[in-house]
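Participant: One structure, pasted below without further comment.
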Amino acid sequence: FANKPENIIPGEAKYYATTYVQDGDAIPILAKVRDGRPIKIEGNTLSSYTKGGTSARAQASVLDLYDMYRITHPKRKVGDKFEESTYEFIDKTIAEGLAAAGGSVVLLTSSIISPTTKQVITEFLAKYPNSKHVQADAVSYSGMLLANEASGFGRNLPTYKFDAAKVIVSLGADFLGSWLSPVENAVGYGKGRKIDEKNPQMSKHYQFEGHLSTTGASADERFTHRPSETGAVAVALLAALDGSVSAPAIADAKLKAGIAKAAAELKANSGAALVVSGSNDANVQIIVNASNNA
């Protein structure tokens, strides 16, 4: 510090409660700070749904603060290059552009989960009646959103009760690694897998996937297939569950037997079974919803 605050003791770490927010993911965390510099991320044990857990992305997020190549000033495009500018110039240019557009404006952001930011955006859209707010993420869950809307659940992403499931069938969903809400998923999954003398039963986990994932490595039984066969596997599972669809031809005998075995376990544990899919294809997710309903 050029001017050190009076209550700072050099070398003594302080912890600040904060939140990791990225691509729609929100994790309560504690930031370890030494001499004014955040150096380590810890999970907040007071959280009701993460129970002090964090993800790999949350742990790595502190490195962004020390990225020498990150943007430090607004930039504007001049010719084929981006040049640094000032906030005053950018604000003035954007205001003039909004006025010239006559209200026809597209606001492009990543997923917004902050109620305060959503309110600001709502007020902005109200000021420009013909404007639109488009949310786009590097990792998209639009297929699930569309499927849930078509299935009558609303345009929402679900929270899965892995702790209540006696049988879990995952179709390429790396729910312990990076899919949807891995920290929350891992907490529930861990509860269902923990056994003792009073509770000798544990959940059964089947994984169908095209490549080895963190979740697949933890499965009781894992079956591989081509990524192009994801839809066929989902349909075959539903066909084995209730016969509401025609079973597609599955050439791999081991894969076919695995689907039949998983379906039998799901039926035997009706009401305490769960099917999840990492596909971003709305059609596949609709089939998965039907499987869970069955």
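Values in this text are rule-based calculations from the coordinates and carry no lab data. Remember, predicted model here, so these are calculated numbers, not experimental data.
Participant: Is it possible to state the helix-based mean residue ellipticity at 222 nm for the chain, with each DSSP H run of 4+ residues giving -39500 (n - 2.57), the sum divided by total residues, to the nearest 500 deg cm²/dmol? What is it?
Facilitator: Taken over the chain, the calculation gives -10000 deg cm²/dmol.
Participant: Under 12 Å Cα to Cα from residue 127, which aspartates and glutamates show up? Leave out anything in the same chain fewer than 8 places away.
Facilitator: Those aspartates and glutamates meeting the cut-off do not exist here.
Participant: Here is a follow-up. Straight-line reach only, C-alpha to C-alpha below 24 angstrom: list the lysines that residue 77 could link to, leaving out same-chain residues fewer than 8 apart.
Facilitator: The qualifying lysines are 92, 132.
Participant: Would you list which aspartates and glutamates come within 17 Å of residue 198, measuring only between C-alpha atoms, while excluding same-chain residues fewer than 8 positions from it?
Facilitator: In chain and number order, the partners are 163.
Participant: Full-extension gain between residue 95 and residue 110, please, as 0.36 nm times their residue separation minus the C-alpha to C-alpha distance.
Facilitator: 3.2 nm
Participant: Here's another thing I want to ask about it. So for the stretch 170-212, averaging the separation of alpha carbon pairs under 8 Å that are six or more residues apart and normalising by length, what relative contact order in percent results?
Facilitator: For the stretch 170-212, the relative contact order is 48 percent.
Participant: So if each residue of separation counts as 0.36 nm, and I subtract the Cα-Cα distance between residue 35 and residue 267, what length gain in nm does that give?
Facilitator: 77.8 nm
Participant: Counting pairs of alpha carbon atoms under 8 Å apart in space and at least six apart in sequence, what relative contact order in percent does the chain give?
Facilitator: 14 percent
Participant: Too long at a 25 Å Cα-Cα cut-off: which of 194/261; 4/32; 161/256; 51/118?
Facilitator: Correct reply: 161/256; 51/118.
Participant: Against the empirical 2.2 N^0.38 Å scaling, what ratio does the C-alpha Rg of the stretch 44-105 come to? Provide the component values of the computation, followed by the final result.
Facilitator: On the way: Rg = 19.6 Å, N = 62, 2.2 N^0.38 = 10.6 Å.
Cα-based Rg divided by the globular estimate yields 1.85.
Participant: Still on this structure, I have one more. Which whole number in µm²/s is D for the chain by Stokes-Einstein, with the Kirkwood Rh taken over Cα pairs at 20 °C and 1.002 mPa s?
Facilitator: Using the Kirkwood radius from Cα pairs, D works out to 94 µm²/s.
Participant: Sort out for me the Cα centre separation of the stretch 161-209 from the stretch 135-152, rounded to whole Å.
Facilitator: Measuring centre to centre over Cα atoms gives 23 Å.
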